[in-house]
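Here is the structure we will look at.
The values are calculated or read from the model by the stated rules, or taken from the named source; none is laboratory data. Note that the structure is a prediction, hence the values are computed from the model and not measured. Don't worry about glycine lacking a Cβ; one is built from the backbone with ideal geometry, like all the others, and counts go over all protein chains shown. Heads up: the accessible areas ignore ligands, DNA and RNA and are worked out on the full protein's heavy atoms, side chains in. Shrake-Rupley method; radii C 1.70, N 1.55, O 1.52, S 1.80 Å.
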Amino acid sequence: MQMTDLLAKKRDGGALSTEEIEFMIRGYTRGEIPDYQMSAMCMAILLRGMDERETLDLTMSMMHSGETLDLSPIHGVKADKHSTGGVGDKTSLILCPMVAATGLKIAKMSGRGLGHTGGTIDKLESFSGFSTAISEETFFRNVNDIGIAIMGQTADLVPADKKIYALRDVTGTVPSIPLIVSSIMSKKLASGADVIVLDVKCGDGAFMKTEAQAAELARGLTRIGRLAGRKCAAVITDMDQPLGYAVGNAVEVKEAIAVLRGEEKGDLLELCLTLGACMMVEAGTEWSVEEAKLALMQTIEDGSALAKLAQLVRAQGGDARAVYDTSLLPQAKVTLEVPSEKEGYVNRIHAEKVGLISMHLGGGRATKESSIDLSVGVVLHKKVGDAVQSGESLATIHASSSEKAQEAARMLLECFEFSAEPVTRPAFIKQIIR
Ligand code: URA
């Protein structure tokens, strides 16, 4: 078999066979197929597409390019969640303890943040001592004992995706549905959960800009998951403004704790309830999304979700006192209010720009190697639809110096757009795909 023949076939709109896809992924992972040929193949796939059988074959070949996690030592149904990446997305910190408090097992692999989007591992490291570098044995034991564990992605999980994603990033080939589906689902399938719930973002802060594109991606992801024998559901959500109020690391943990305490309601809670309810219905522990939401709300009302977060933090070496006393989380040296220079109704908050401000403050990584400051970030006080008076604070900046805080404040003013007329809040949960 020759890669040049496969390239010509895809360039002319043909479908690659199962054997051809295996040959290509095995050869590229081993370094036998060069980057320039794989780049050309990614572009051919972006332009010509792949049918469902090809996408499934690509996903399975990528999944088998490295180690896969066998979760059979864990008793019961294991659930996992994936988000296509958002600004201020702290849902895992809320959803996972809530679902685990209902008795469903959460065995989750998470990543670190890159660019303007944050990662669950970084956020969890706001608890002093918390580690996601745990052995498989500890991971299994914790899920069996307390119903929840979160570990970092091992280096050997889907090595093909690490190479292909890096190539796509620099060759303009990220926005291809079969390439995104195979990238996300190969990692989720390799992580071993029986139930996978996907939060597919659309809008300014996401790479699927329209609801129609997000729905196509969500259908592709759930179909491949089901064809691979897993239970799958997806929720399409709006990313035209940051999720919730806080963007950063410790500030997001603090907000997540407020939700678990029942002190913050709104879109963030609604998203966690919806994702969690989909997990429970797919797992068969509840019959309907509405019943499942009530069961999840109960875990907030009786304090069991907050207690589950404390158990998770303690079991992975973290200081669980911070769950009940958030002053123990990293605190920024400087805080600065950002008074509005305009008045009216908030029409838009550019999510990606707010994410970039948090990154510039030191809260996100420009490259994989950068280290981050867990204490910095932005806490919004106004969201789309809110009325604002001139001089009223739009947000608080948490920074390591007053120069950085001033610069961030200037940038933040540019993230807000106002309307003189009242603005209707957009529907946040756009579709549930089950
Ligand atoms: N996230 C991934 O893991 N892969 C993609 O291709 C896009 C988003």
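If I ask for residues that are buried (at least 24 other Cβ atoms within 10 Å of the Cβ) and outside any strand (DSSP E or B), which ones from segment 235-254 would you list?
Hits for segment 235-254 are 239, 241, 242, 243, 244, 249, 250, 251, 252, 253.
Among the residues of segment 273-331, what is the count of those that are outside any helix (DSSP H, G or I) and closer than 14 Å to residue 262 by Cβ? Write out each step before concluding.
Going through segment 273-331, the residues outside any helix (DSSP H, G or I) turn out to be 284-288, 302-303, 316-320, 325, 329-331.
Narrowing the set further to residues that are closer than 14 Å to residue 262 by Cβ leaves 302-303.
Looking only at that region, the number is 2.
Would you list the helices (runs of 4 or more DSSP H) that sit entirely within segment 90-193 and hold 1 or more residues that are within 12 Å of the ligand (Cβ to nearest atom) and open to solvent by less than 40 Å² (accessible area, probe 1.4 Å)? Even if it seems obvious, please write down each step before you answer.
Values: elements: 91-101, 120-124, 136-146, 159-169, 177-190.
By residue number, 159-169, 177-190.
Results for (1) more than 30 Å from residue 193 (Cα to Cα); (2) in the same structural domain as residue 188 (by TED's automatic domain parsing); (3) out of contact with any Leu (no Cβ under 9 Å at 6 or more places or on another chain); (4) in a helix (DSSP H, G or I), shown as yes or no for each residue.
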| position | (1), (2), (3), (4) |
| --- | --- |
| 8 | yes, no, yes, yes |
| 16 | no, no, no, no |
| 24 | no, no, no, yes |
| 42 | no, no, no, yes |
| 54 | no, no, no, yes |
| 59 | no, no, no, yes |
| 65 | no, no, yes, no |
| 69 | no, no, no, no |
| 72 | no, no, yes, no |
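Being over 30 Å from residue 375 (Cα atoms) and assigned by TED's automatic domain parsing to the domain that holds residue 193 narrows it down to one of 229, 244, 248, so name that one. Don't jump to the end; show me each part of the working.
Numbers: 244 fails: over 30 Å from residue 375 (Cα atoms); 248 fails: over 30 Å from residue 375 (Cα atoms).
Going through 229, 244, 248 in turn, the sole match is 229.
Hey, could you check segment 74-89 for residues that are within 16 Å of the ligand (Cβ to nearest atom) and assigned to a loop (DSSP other than H, G, I, E, B) and say which is surrounded by the fewest Cβ atoms within 10 Å (Cβ to Cβ)?
The first filter runs over segment 74-89 and keeps only residues within 16 Å of the ligand (Cβ to nearest atom), leaving 80-87, 89.
So of that shortlist, the ones also assigned to a loop (DSSP other than H, G, I, E, B) come out as 84-87, 89.
On the way: 84: 24, 85: 22, 86: 26, 87: 29, 89: 30.
Here the residue is 85.
Just for segment 283-315: of the residues that are crowded, with 24+ Cβ neighbours inside 10 Å and touching a strand residue (DSSP E or B) at 6+ places or on another chain (Cβ under 8 Å), which one is farthest from residue 135 (Cα to Cα)?
308
Here are the criteria: (1) at pLDDT 95 or above; (2) closer than 22 Å to residue 260 by Cβ; (3) not assigned by TED's automatic domain parsing to the domain that holds residue 112. Tell me which single one residue 363 does not satisfy.
Status for residue 363: all satisfied but (1).
What about residue 276, is it touching a strand residue (DSSP E or B) at 6+ places or on another chain (Cβ under 9 Å) and either assigned by TED's automatic domain parsing to the domain that holds residue 393 or at positive phi (or both)?
On the way: touching a strand residue (DSSP E or B) at 6+ places or on another chain (Cβ under 9 Å): yes; either assigned by TED's automatic domain parsing to the domain that holds residue 393 or at positive phi (or both): no.
Against the criterion (touching a strand residue (DSSP E or B) at 6+ places or on another chain (Cβ under 9 Å) and either assigned by TED's automatic domain parsing to the domain that holds residue 393 or at positive phi (or both)), residue 276 does not qualify.
Quick check, is residue 428 crowded, with 16+ Cβ neighbours inside 10 Å, hydrophobic (A, V, I, L, M, F, W, C) and more than 19 Å from residue 340 (Cα to Cα)? Before you say what the answer is, go through the steps one by one.
On the way: crowded, with 16+ Cβ neighbours inside 10 Å: yes; hydrophobic (A, V, I, L, M, F, W, C): yes; more than 19 Å from residue 340 (Cα to Cα): yes.
In short, yes.
Any residue at all in segment 349-365 that's over 15 Å from residue 247 (Cβ atoms) and open to solvent by 20 Å² or more (accessible area, probe 1.4 Å)? Write out each step before concluding.
Just the residues of segment 349-365 that are over 15 Å from residue 247 (Cβ atoms), to begin with: none.
The answer is no, given that none of the residues of segment 349-365 is over 15 Å from residue 247 (Cβ atoms) and open to solvent by 20 Å² or more (accessible area, probe 1.4 Å).
Which residue, of 395, 399, 420, is at pLDDT 95 or above and within 17 Å of residue 364 (Cα to Cα)?
Numbers: 395 fails: within 17 Å of residue 364 (Cα to Cα); 420 fails: within 17 Å of residue 364 (Cα to Cα).
When all the criteria are applied, what remains is 399.
Go over the candidates 388, 376 one by one and state the one that is farther than 21 Å from residue 202 by Cα and either touching a His at 6+ places or on another chain (Cβ under 7 Å) or among the basic types (Lys, Arg) (or both).
Details: 388 fails: either touching a His at 6+ places or on another chain (Cβ under 7 Å) or among the basic types (Lys, Arg) (or both).
Unique residue meeting the criteria: 376.
Can you pull out every residue in segment 197-213 that is away from the ligand (no atom under 13 Å from the Cβ), outside any helix (DSSP H, G or I) and in contact (Cβ under 8 Å) with a residue 40 or more places away in the chain?
If the condition is that a residue be away from the ligand (no atom under 13 Å from the Cβ), outside any helix (DSSP H, G or I) and in contact (Cβ under 8 Å) with a residue 40 or more places away in the chain, then 197, 202, 203, 204, 205 are the ones that fit.
If only one of 107, 100 is at pLDDT 95 or above, in contact with a strand residue (DSSP E or B) (Cβ under 6 Å, 6 or more places away or on another chain) and of a type outside the set (Lys, Arg), which one is it? Can you show your working first?
On the way: 107 fails: at pLDDT 95 or above.
So the residue among 107, 100 that is at pLDDT 95 or above, in contact with a strand residue (DSSP E or B) (Cβ under 6 Å, 6 or more places away or on another chain) and of a type outside the set (Lys, Arg) is 100.
Can you pull out the residues in segment 216-234 that are touching a Leu at 6+ places or on another chain (Cβ under 6 Å) and surrounded by 21 or more Cβ atoms within 10 Å (Cβ to Cβ)?
Within segment 216-234, 221, 224, 234 meet the criteria.
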